[in-house]
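The values are calculated or read from the model by the stated rules, or taken from the named source; none is laboratory data. The model shown is predicted, which means the values in this text are computed figures rather than measured ones. Glycine gets a Cβ as well: all are built from the backbone with ideal geometry, and neighbour counts include every protein chain shown.
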Amino acid sequence: MEIISSHNTKQLPDSDASSNYRRSITDLPPALISEILNFLDPKELGLVSCVCTNLYRLATEHHVWKDFYCERWGLPLFPSPLDSELSDEKSWRDLFVEREFRSKTFRGRYSIDLLYGHTEGVRTVFLLASANLIFTSGYDSIVRMWDMEVGLSIAASRSLGCTIRDVAADTRLLIAGGTDGFIHCWKAVEGLPHLFDLSGSEKQSTEFRIWEHEGPITSLALDFTRIYSGSWDMTVRVWERASLKCLMVLRHSDWVYGLAPHDTTVASTSGSDVYVWDTNSGTQMTVIHNAHVGNTYALTRSHTGDFLFTGGEDGAIHMFEITVDCDKADVLLVATWIPHLGPVRSLAFEFPWLVSASDDGKLALVDVRKLLTTNRYRLGKMVSGENQVVQCSVEPPQRMLHGVGSNLFSVDIGADRIVCGGEEDVVRIWNFSQALEIERRICALRGIRLENRMRRRRLQVEMNDKGGSAERCSVAAKKNPMNGDRSGAWHNKRGKSGKLKA
């Protein structure tokens, strides 16, 4: 790309005009180039990086890659295998490209691993990808910890005395909510390979309970400083992690089935309604009445918190966009899916895939990338707090996973695995790591084919050049008259001999 001045270059010599009035974009100040690159998307930045060495350096190390990454997956509170050592070994571009590549995994082949150990139905599963751990619990009142890579049981807690309906964890704390209204907690033990001592064999006092709910606890969540719990006592309680004190109580009009916090807001489902709360003031920002026909059981949010996904008793899944302005929130219904014949019990999201588990024994996988890149305000409908949800664009699911005959209660998703628990006493893992390896081999073979194609093209060009020079020599020879033949005609012996002609 060149920048040419509008001055009349005929007044100057050609050398001066070319040196003073023709400039490349790389000659612009770096700050100006950075502003230009800010307007490009990942694909366009990749194309720019192929133009020349200077643009490759500028486009590859541009800070906007961090923004792209955070828009997809957000900044991790605790490092995961893909997010670790962000600044030391891999640039934000490398991390973005690698994670974007892994998003193709769930379109490929998979294998199903079965985890045996529970004696009754599994109500909840939680995948802690940063530590390669899976936590499960249910009707048998025991919390079990599994190695995600190997698929073996690591540890199991004692019986907690009641059904455990939800678990949540990070690398510092593991919590489980029971129908007796308590939150059972385990602190991570320093130096322990698998973080938590569920059996209580360590000397440290790392196990305790929090009591305050008056009904069964149905949903739990953690962020960096707080614990969130929802209960059938029609409240969501926000706890401070350091002091374990209840900071606020958010009261609803019906049983609370699910919650999803992000930053200074928390979304919750109560009966058929969906609420969004401000966790700084404890005020209600907006409510979506009758989000589903029947109860709204499942709830999850995108990593940036802008999108809300709900699943209900009617077998439908809704996608909402939340716009927060001061103490108010506007909600836009973007899309609706109806993939199940039974109630949707659980949802999980890992960009760009939304996965749902239902009583019909099936999992539905939906790629929401297209909805995030299109003009959602043309597709969606604004949803006020007093109106019912109106179906806008009904999208088909991209993939259905079968093979389970019983009700499914809980699902979670990681970079290349989907974990699911249901009425059976078995935990199922859909393992897509084989698809990732196949995709890598395909990319490697595609690169080899491209290299061979380029090599053949270079050889063809060289052969054409040689053939062109030989042809020019033969033309020159035809134009030169031979000795004894002033007409310049070539003698044809076959034309002069009748025998040869016969």
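What the table shows:
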| item | result |
| --- | --- |
| Counted residues, region 309-332 - those being part of a loop (DSSP other than H, G, I, E, B), under 27 Å from the mean Cα position of the chain (by Cα) and hydrophobic (A, V, I, L, M, F, W, C) | 1 |
| Meets criteria (in contact with a strand residue (DSSP E or B) (Cβ under 8 Å, 6 or more places away or on another chain) and at pLDDT below 80) for Ser137 | no |
| All strands (runs of 3 or more DSSP E) inside region 241-308 with 2 or more residues being crowded, with 20+ Cβ neighbours inside 10 Å and of a type in the set (S, T, N, Q) | 265-270, 296-301 |
| Filter result (closer than 14 Å to Arg226 by Cβ and of a type in the set (Phe, Trp, Tyr)) within region 249-282 | Trp277 |
| Options Glu35, Glu2, Glu44: the member that is closer than 30 Å to Phe101 by Cβ and either basic (Lys, Arg) or at pLDDT below 75 (or both) | Glu35 |
| Subset of region 210-240 that is surrounded by fewer than 15 Cβ atoms within 10 Å (Cβ to Cβ) and within 24 Å of Leu128 (Cα to Cα) - its residue that is modelled with the lowest pLDDT | Phe224 |
| Candidates Thr218, Thr225, Thr206, filtered to the one that is polar (S, T, N, Q), more than 28 Å from the chain's Cα centre (by Cα) and at negative phi | Thr206 |
| Selected residue (criterion: modelled with the highest pLDDT) from residues of region 158-173 that are within 20 Å of Ala188 (Cα to Cα) and of a type outside the set (A, V, I, L, M) | Asp166 |
| Top-ranked residue of region 134-153 - restricted to ones that are of a type outside the set (A, V, I, L, M) and outside any strand (DSSP E or B), ranked as nearest to Tyr116 (Cα to Cα) | Gly151 |
| Complete set of residues in region 303-345 that are within 28 Å of Phe68 (Cα to Cα), of a type outside the set (Phe, Trp, Tyr), in contact with a Phe, Trp or Tyr (Cβ under 8 Å, 6 or more places away or on another chain) and touching a residue at least 60 places away in the same chain (Cβ under 8 Å) | His303, His318 |
| In region 90-121, the residues that are of a type in the set (D, E, K, R) and without any contact (Cβ under 8 Å) to a residue 12 or more places away in the chain | Lys90, Asp94 |
| Residues of region 66-119 classified as more than 24 Å from Val150 (Cα to Cα), assigned to a loop (DSSP other than H, G, I, E, B) and modelled with pLDDT of 75 or more, total | 1 |
| Number of positions in region 335-360 that are modelled with pLDDT under 90 and among the hydrophobic types (A, V, I, L, M, F, W, C) | 1 |
